[in-house]
Amino acid sequence: MSIVKVIRSNNVGGTLNYLINEKAHNTSLTNHRSLGFAGNNIEGDYVGKVNAKYLAFQYEVTREYAKNPKKKLQAHHLIFSFSQDEFKPEQDTLAKQSRQALGLVDSFLKSYLPNKAQYLEAVQCDSEGQNLHVHVVVNSVQLSGKVVNTNLYNVNTLRKSFDNHMAENFEKTTGKKFVPVVPNKDNLVNSKTVQIDKRGGYVWKEDLKDRIINAFNNVDNLEDFGTVLSDVYGVSVKYRRSSKGVDEKGKKLYRNAITYSFVDQDGKERKSRDYGFTKTGKETGLGVMFTPDSLEKAFEQRLEQEETMPSLLDTLNLQGGVGNDDKQTKKLDVIETTIDKHKHHNGFDTEASDKYVIEQRAKADRERKRRQKQAEQRKLEQERLRIEKQRLLARREREEAEQRNTERLEQSREHTQERTKSTRSYNNDELEL
């Protein structure tokens, strides 16, 4: 799967020099910094070569046509990185594969960016991982003097659009099938967290996730979820709007989002969004499953399962729990009766059939015990939550009562001081008379 990054550049000359004139970082496959160039609305120097200073001059001239030529943002630096599954460069295939990678990015940008956009593309393979990647430097202003719509640089939108382009054109270009990799976005865990967890250390984000999941398991709607999460598990919930890209017309799209905050076991205040992207395209937050939309869907699915559970259980071979014992017994009796009828037939495996009935009864008994245990655990948890709520309410009432008493004492003290002051003033007036 290709990786797309977006970096804002306030020094386009430095960015172009970095791509064109720097030495190769890794010379295992090639000594060249860039293996090929392409672009749109740019020109080579007087000998037809790609010249960083001359390109920077062209970009600067174009920005002079803008309404605000002194704007700080000069360009956007895009990076399209390909995986080893897509391109596995070797010295004898490097030239061909670099042309293919550059061609894929070039054809994509010509359909994605405006025709008047000005940009340079450079394909490279000098990273430590030896992955082919294409750098693109897009001028902030088009040849028409209009600013390039910055919504086009939304990483989520850009990545999805490029993945769609790869799905349509990768096989045509390379002869290989494009296999998109879908990462686990539901629950984000970075490598540092995994290492700390292996050593038995405390990870505050995992603690936060556990609290959220426990609250979710003990309520059936989003409103109660926020209340229980705050009152019982000590996690504050702040609802907000978050951008999720743009539509076909370039209009911004938003979704409901949550920011979770709590005090960890070390006494530090911690805060995390549900899910999102940084400016460079890196996923951040807890994961998609912690967003309001995902929580709502999970509540709805749970409710549907609870409503359809009786009818589903009637169709299962194994039924357990209260009210289903008689049905399960009758079904097993029918199985035994059927077996008895066929016991004397040639080829009928009596031992296997008896074993089957025993296994079915054992499974039914295990299922019944499991359901009873789940019901008891849920009941205990609900009772614990009820007691915890009562304790919190009692504590709040005590605090409010103490506050009211404090206010009354303060008012009484102020009233006494005013009366004392008034009496002294009256006595002084009498003495003067």
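Read-outs throughout are calculated quantities, based only on the coordinates presented, and are distinct from any laboratory measurement. The structure presented is a predicted model; accordingly, all values stated were derived computationally and were not measured. Here the Cβ is made from the backbone with ideal geometry for all residues, glycine too, and neighbour counts use every protein chain on show.
Principal semi-axes of the equivalent ellipsoid, √(5λ) from the alpha carbon gyration tensor of the stretch 191-297, are 25, 19, 11 Å from largest down.
Could you tell me how far the Cα centroid of the stretch 104-133 sits from the Cα centroid of the stretch 1-71, in Å? So the separation of the two Cα centres works out to 11 Å.
Only lysine pairs 8 or more places apart or on separate chains count here, and in the stretch 191-297 those with Cα atoms under 17 Å apart total 14. The ranking of Asp92, Asp45 by Cβ neighbour count inside 10 Å, starting from the fewest, reads Asp92, Asp45. Full extension of the chain between Glu64 and Asp365 yields a length gain of 100.3 nm, computed as 0.36 nm times the residue separation minus the alpha carbon distance.
Ranking of Ser111, Ser140 by neighbouring Cβ atoms within 10 Å, starting from the fewest: Ser111, Ser140. Put simply, the amide H of Gly245, placed in the peptide plane, has neighbours under 5 Å in Leu253, leaving out anything fewer than 5 places away on its chain. Treating the stretch 132-178 as a set of equal point scatterers at the Cα positions, no solvent, please give the Debye-formula log₁₀ I(q)/I(0) at q = 0.18, 0.19 Å⁻¹. These q points yield log10 I(q)/I(0) values of -0.75, -0.79.
What percent does the relative contact order of the stretch 3-174 come to when contacts are Cα pairs within less than 8 Å and at least six residues apart?
32
Sorted on the mean count of surrounding Cβ atoms within 10 Å across their residues, most packed first, peptides 387-400, 204-217 read 204-217, 387-400.
Placing unit charges on each Cβ (+1 for Lys and Arg, -1 for Asp and Glu) gives the stretch 3-174 a dipole about its Cα centre, and among Ala75, His133, Phe108 the Cα reaching farthest toward its positive end belongs to Ala75.
Fewest neighbouring Cβ atoms within 10 Å first, the residues Thr291, Thr420 line up as Thr420, Thr291. Loop-located GluC sites (Glu not before Pro) in the stretch 88-161 (DSSP state other than H, G, I, E, B) with a sparse environment of at most 12 neighbouring Cβ atoms within 10 Å: Glu90, Glu128.
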